[in-house]
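Asker: First the structure, then my questions, so here it is.
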Amino acid sequence: MNKNKFGDREMLDDILSTEKFMTGCYNEVANECSSSSLKSEFVNILTHEHSIQHDIYKEMAERGWYNTTKAEQSKIEEAKTKYQNQQDFQ
């Protein structure tokens with residue numbers, strides 16, 4: 001038996017890592033576009049990649065392979081206040 005063979009978990013983890021990398025790349029390219037139409041296309045691709053990334057995350061979470069910790073409500077409120085205050089200054 002080949003010890004280097006990827007199972008489902010390893011494949012999904014690799015795909016998720018790749019999607020995270022790709023969304024970072026597409027985001028950077030979209031930020032640097034001087035053409036509005038080209039930027040729009042990259043934002044569309046970015047949105048699609050985020051959707052794929054989320055689907056992979058959900059599949060891994062359903063299988064118990066990607067666990068997250070729920071944030072405390074006080075931390076959520078603190079973050080909302082922080083970013084609301086920053087938005088007020090713009």
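The values are calculated or read from the model by the stated rules, or taken from the named source; none is laboratory data. Model, not experiment: these values are computed from the prediction. Ideal geometry is used to build each Cβ from the backbone, glycine not excepted, and the neighbour counts take in all protein chains shown. The protein model used for the area step is the full one, side chains on, heavy atoms only, and it has no ligands, DNA or RNA in it. Shrake-Rupley method; radii C 1.70, N 1.55, O 1.52, S 1.80 Å.
Asker: Consider the range 65-82. How many of its residues are over 29 Å from Thr18 (Cα atoms) and open to solvent by 90 Å² or more (accessible area, probe 1.4 Å)?
Answerer: 6
Asker: In the range 28-64, which residues are open to solvent by less than 70 Å² (accessible area, probe 1.4 Å) and out of contact with any Phe, Trp or Tyr (no Cβ under 7 Å at 6 or more places or on another chain)? Full working, then the answer.
Answerer: Taking the range 28-64 and keeping what is open to solvent by less than 70 Å² (accessible area, probe 1.4 Å), we get 29-30, 33, 35, 40, 42-43, 45-46, 49, 51-53, 56-57, 59-61, 64.
Hits for the range 28-64 are Ser35, Ser40, Val43, Ser51, Ile52, Gln53, Ile56, Glu59, Ala61, Gly64.
Asker: For a quick check of your reading of the model, give me the residue pairs whose first member lies in the range 24-38 and is under 18 Å from His48 (Cα atoms) and of a type in the set (A, V, I, L, M), whose second is in a helix (DSSP H, G or I) and open to solvent by less than 50 Å² (accessible area, probe 1.4 Å), with beta-carbon atoms closer than 7 Å and at least 6 apart or on different chains.
Answerer: Correct list of pairs: Val29/Phe42; Ala30/Phe42; Ala30/Leu46.
Asker: Could you grab the pairs with beta carbons closer than 7 Å, sequence gap of 6+ or different chains, first residue in the range 1-22 and open to solvent by 70 Å² or more (accessible area, probe 1.4 Å), second one assigned to a loop (DSSP other than H, G, I, E, B) and at pLDDT 95 or above?
Answerer: Final answer for the pair search is Arg9/Trp65.
Asker: Does Thr81 meet the test of being assigned to a helix (DSSP H, G or I) and β-branched (Val, Ile, Thr)?
Answerer: The answer is yes for Thr81.
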